[in-house]
Every structure is written in structure tokens, then in C-alpha cells.
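The values are calculated or read from the model by the stated rules, or taken from the named source; none is laboratory data. Note that the structure is a prediction, hence the values are computed from the model and not measured. Don't worry about glycine lacking a Cβ; one is built from the backbone with ideal geometry, like all the others, and counts go over all protein chains shown.
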Amino acid sequence: MDPLDAGLLLLRVVVGLTFAAHGAQKAFGWWDGPGWERWQAAIDGMGFRPSRLFATISMGIELLGGLCLAIGLFTPLAAAALVGQAAVIVLKVHSPNGFFNTKGGLEFPLALGTAIFFIGFVGPGAASLDAAAGFSLPVEVRLILLLAGLAGGLLTIPLSETADRSARES
């Protein structure tokens, strides 16, 4: 196996399974995670309305998107969704705590989001289900998908703040 493909495989598996594990914490409460009810309450507390919808989307992106990234299935789409999720995690949840992870800062999710952007941009490599199935998109299309995912994530932040402000005022 070519070193680049081996590196992409390792990066995809580690980052993808990290996101999938976080999604499983939210969905099932595994590994001391919040589980579905507490995750929905957390999303509501962050101002995302309707909270059930946003909780489902965020949990699904992490769980399913992470698994797809790990095995290299529909990688450009999984990467685009995960980049959007990472943007929300970095900006909405972790940036108020500064940079370093020791204080709950954005260091770790920023590194994960950057790795996902890289994978989405360069592609999953030869050791992937996408390669085995012959699924490939031109780099320009992959970049557009990544930027759309990023824009989607960035747009949800002011929407959550508007919804949260409206809920407090009523």
C-alpha cells in the first residue's frame, strides 16, 4: 500500500471512529455519554430550536458520518456534514473556553475538523469503500461540498442564538 493511502486510512479510521463514538454517547449513553434525553436537553440549552431536530441531526452526523468516514463510504458527503458539525462544536461550544483542551477549549475539535477537511479535500484514498466501488468526485466538487458543509454549520450558530433570544423574550 502506498504511504499516502496508508496515512489516509489511519487518519480516516481514527477521526471517523472518534466522531462515531461521540455520536454513540449521544444516541445510546455509551461511555458515560449523555444518552438521547440528556443530549436533547443539552441542545435545547444551547438554544437550538427545534431541539429534537437539531439533536437528531447532530447525533446522526457524528454517528453515521463518523462511521462512513472511517470506512471510506460516501466520503465527500460524510466529510462535508462532519465539517459543518465541527464548525458548530468549535464556535458554539468550545471557543468561549479559549484554545486549550485542558479548559474545554477548541484545540481538540479544531484539530478534528481540520483533519476532516483534509480528508474531504484530498479524498479517501485507495483503501476505502469509495475506491472499491469506483465512487469519486472531482476535487472542485469536493471543495464545494466542504464549503457548503462549513457554511451550513456556520449558519446554524446565529439561528440558534436568534431562537434562544426569542424563547427568552416570550
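Quickly run through the range 2-27 and pick out the residues that are farther than 21 Å from MET59 by Cβ and crowded, with 17+ Cβ neighbours inside 10 Å. Outline the logic, then answer.
Step one: of the range 2-27, the residues farther than 21 Å from MET59 by Cβ are 2-11.
Across the range 2-27, the qualifying residues are LEU8, LEU9, LEU11.
In the set TRP39, TRP30, which member is modelled with pLDDT of 95 or more, surrounded by 21 or more Cβ atoms within 10 Å (Cβ to Cβ) and of a type in the set (A, V, I, L, M, F, W, C)?
TRP39
Among (1) surrounded by 21 or more Cβ atoms within 10 Å (Cβ to Cβ); (2) free of Cβ contacts under 8 Å to residues at least 40 places away in the same chain; (3) touching a Leu at 6+ places or on another chain (Cβ under 8 Å), there is one condition GLY65 misses while meeting the rest; what is its number?
(2)
Would you say ALA78 is of a type in the set (Gly, Ala, Ser), within 14 Å of the chain's Cα centre (by Cα) and over 24 Å from ARG49 (Cβ atoms)?
Considered against the rule, which asks whether it is of a type in the set (Gly, Ala, Ser), within 14 Å of the chain's Cα centre (by Cα) and over 24 Å from ARG49 (Cβ atoms), ALA78 comes out as yes.
If you scan the range 1-24, which residues turn out to be closer than 17 Å to PHE108 by Cα and not β-branched (Val, Ile, Thr)?
Selection gives LEU11, ARG12, GLY16, LEU17, PHE19, ALA20, ALA21, HIS22, GLY23.
LYS92 passes all but one of (1) over 12 Å from ARG12 (Cα atoms); (2) exposed (fewer than 15 other Cβ atoms within 10 Å of the Cβ); which number fails?
In the conditions (1) over 12 Å from ARG12 (Cα atoms); (2) exposed (fewer than 15 other Cβ atoms within 10 Å of the Cβ), LYS92 misses (2) alone.
Restricting to the range 124-150, name every residue that is in a helix (DSSP H, G or I), surrounded by 13 or more Cβ atoms within 10 Å (Cβ to Cβ) and not charged (D, E, K, R).
At the first step, the residues of the range 124-150 found to be in a helix (DSSP H, G or I) are 129-133, 139-150.
Okay, now just the ones that are also surrounded by 13 or more Cβ atoms within 10 Å (Cβ to Cβ), so 129-131, 142-150.
Hits for the range 124-150 are LEU129, ALA131, LEU143, ILE144, LEU145, LEU146, LEU147, ALA148, GLY149, LEU150.
Quick check on PHE108: is it outside any helix (DSSP H, G or I) and either modelled with pLDDT under 95 or touching a helix residue (DSSP H, G or I) at 6+ places or on another chain (Cβ under 8 Å) (or both)?
Considered against the rule, which asks whether it is outside any helix (DSSP H, G or I) and either modelled with pLDDT under 95 or touching a helix residue (DSSP H, G or I) at 6+ places or on another chain (Cβ under 8 Å) (or both), PHE108 comes out as no.
Helices (runs of 4 or more DSSP H) wholly in the range 1-96 with at least 1 residues that are of a type in the set (S, T, N, Q) - which ones?
It comes to 3-28, 35-45, 51-60, 75-88.
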